[in-house]
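Here is the structure we will look at, set down as structure tokens.
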Amino acid sequence: MTIRQQDMLNFKYEEITGCTLVDVPYAFSYNETLLYLTRSTMECLHHVENRHIYKLIEIEHEPILIEISESDASTIWIRLVDSLPRDRTVWESIVHYVQEWFDLHRDLAPFYHIAANDPLLSKLATDYYGMRIIGVPDLFEALCWAVIGQQINLTFAYTLKKRFVEAFGKPMEWNSRTYWLFPKPEDVASILVDDLKKLQFTSKKAEYIIHIAQLMQQGELSKHALLSSSDFKAIESQLITIRGIGPWTANYVLMRCFRDPSAFPIGDAALQTALKLLLNRSQKPSLDEIKQLFFPWKEWEAYAVFYLWRSLTPVDATP
DNA sequence: TTCCAGGACATTT
DNA sequence: AAATGTCATGGA
């Protein structure tokens, strides 16, 4: 058995068994990860069973179904379900994907330091300790999901996403279950508004998503190009120039895709609900009050929002 | 049935 | 600039 140590990526892999052991940071909760990933039964882009996470990802134009499992407090396993030998660079890409997906490189110490003596965050930070923002690394997916989620309840949003993925994504069968790759811009750039209206998308959302697909297919919009911007604020202002992308969507994508810890989807309906419940109010707080409340959490607004969202999860939802 | 949901945009003051 | 109206559909 050959085991090689990757200094930079903190993982070891075994060429024979096709498994990789990945180090996780000091504050990482596998349980919270599972809880987030199982919050909707309509989710079609990953599957959780017996505390294993299954996801189809594309590495070097090849669909690969990965299985993620908890090992001990400081490691998780990644296994390839087809068990075919893979090149070392492919393994590096897979590990990089998971680290990006679960935000494993983030040092949460500053956030927990703020939370420690904060009247609103201290209990959440303790209750959900180790919870990290689950990302959406693919920009097209992040934008589509954000646009879909505008002004509708999450249940319906998941229904729409499932219809969209099953209509334009790429399926892969394994063990009598279908796994999906999210549609690519080129799969959506040429469809018609009516194709999405059939799936119960509103005309506006259909137009937004098709237009975004066209921009990305033509190379006028890409994650790589945006990442070369001077800062996250520059990315935000570029995103907002696109039709259908307002302040909420831009900040949501900064939070889930670009991993800006200071992204702040202020005005988010669920955020208002969470604060209303936490403050034991009869009415939702105003935008001005939310700004005041968030003042201590500067540069960590995205994490504060994610922990507040988490407070809305039903307590009986144990994975 | 009514209200509203992890908004954006156009129109009117 | 800021307030108001419109879109538009299902979930609870």
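The mean of 1/r over all pairs of different alpha-carbon atoms in the stretch A:195-240, once inverted, gives a Kirkwood hydrodynamic radius of 12.0 Å. Under 23 Å Cα to Cα from A:LYS298, which lysines show up? Leave out anything in the same chain fewer than 8 places away. Qualifying lysines at Cα under 23 Å: A:LYS123, A:LYS233, A:LYS276, A:LYS284. One equal scatterer on each Cα of chain A, no solvent, Debye formula: the resulting log10 I(q)/I(0) at q = 0.14 Å⁻¹ is -1.23.
On a full-extension model of 0.36 nm per residue, what is the gain between A:GLN200 and A:GLU166, subtracting their alpha-carbon distance, rounded to one decimal in nm?
Details: separation 34, 0.36 × 34 = 12.24 nm, distance 1.39 nm.
Value of the extension gain: 10.8 nm.
From helices alone, chain A scores -12500 deg cm²/dmol at 222 nm; the rule is -39500 (n - 2.57) for each run of n ≥ 4 DSSP H residues, then divide by the residue total. Applying 1/(1 + (r/R0)^6) with r as the Cβ-Cβ distance of A:ARG51 and A:ASP127 and R0 = 22 angstrom yields a FRET efficiency of 0.65. Legend: P(r) of the stretch A:209-319 from all alpha carbon pair distances, 5 Å bins from 0, whole percents, reading 2, 11, 19, 21, 16, 13, 10, 7, 2, 0. On full extension, the segment bounded by A:SER237 and A:SER69 gains 56.6 nm, given 0.36 nm per residue less the C-alpha separation. Counting every other Cβ atom within 10 Å of each residue's Cβ, A:GLU43, A:GLU186 order from fewest to most as A:GLU186, A:GLU43. Starting from one equal scatterer on each C-alpha and no solvent at all, send me the Debye-based log10 I(q)/I(0) for the stretch A:63-118 at q = 0.13, 0.16, 0.26 Å⁻¹, two decimals. Computed log10 I(q)/I(0) values: -0.47, -0.62, -1.14.
Taking A:PRO85, A:PRO119, A:PRO63 as the candidate residues, the one with maximal mean-square fluctuation in a Gaussian network model of chain A, Cα springs under 10 Å, is A:PRO119. Would you list which lysines come within 16 Å of A:LYS170, measuring only between C-alpha atoms, while excluding same-chain residues fewer than 8 positions from it? Partners found: A:LYS55, A:LYS161, A:LYS162, A:LYS184.
Taking only the C-alpha atoms of the stretch A:117-211, Rg followed by Dmax gives 17.0, 53 Å. Between A:LEU154 and A:ASN31, the simple label model (points 7 Å from Cα in the Cβ direction) yields a spacing of 1.9 nm.
Put simply, the convex hull of the Cα atoms in the stretch A:189-266 casts, on average, a shadow of 5.4 nm².
The GNM of chain A, with springs linking C-alpha atoms under 10 angstrom apart, assigns the highest mean-square fluctuation among A:PHE232, A:PHE264, A:PHE182 to A:PHE232. The ranking of A:MET131, A:MET216, A:MET255, A:MET42 by Cβ neighbour count inside 10 Å, starting from the fewest, reads A:MET42, A:MET216, A:MET131, A:MET255. Working from label points 7 Å from Cα in the Cα-to-Cβ sense, the A:SER228 to A:SER93 distance is 2.1 nm.
Taking the number of other C-beta atoms within 10 Å as the exposure measure, put A:THR41, A:THR33 in order starting with the fewest.
On the way: A:THR41 7, A:THR33 23.
Result, fewest neighbours first: A:THR41, A:THR33.
Shown here: the stretch A:9-105, whose C-alpha atoms stretch 34, 31, 21 Å along the first, second and third principal axes, sorted largest to smallest.
For the residues A:GLY18, A:GLY135, A:GLY244, a GNM of chain A with alpha-carbon springs under 10 Å puts the largest fluctuation on A:GLY18.
Values quoted throughout were computed directly from the atomic coordinates according to the rules given, and no laboratory measurement underlies them. Because the structure is a prediction, the values reported are computed rather than measured. Glycine gets a Cβ as well: all are built from the backbone with ideal geometry, and neighbour counts include every protein chain shown.
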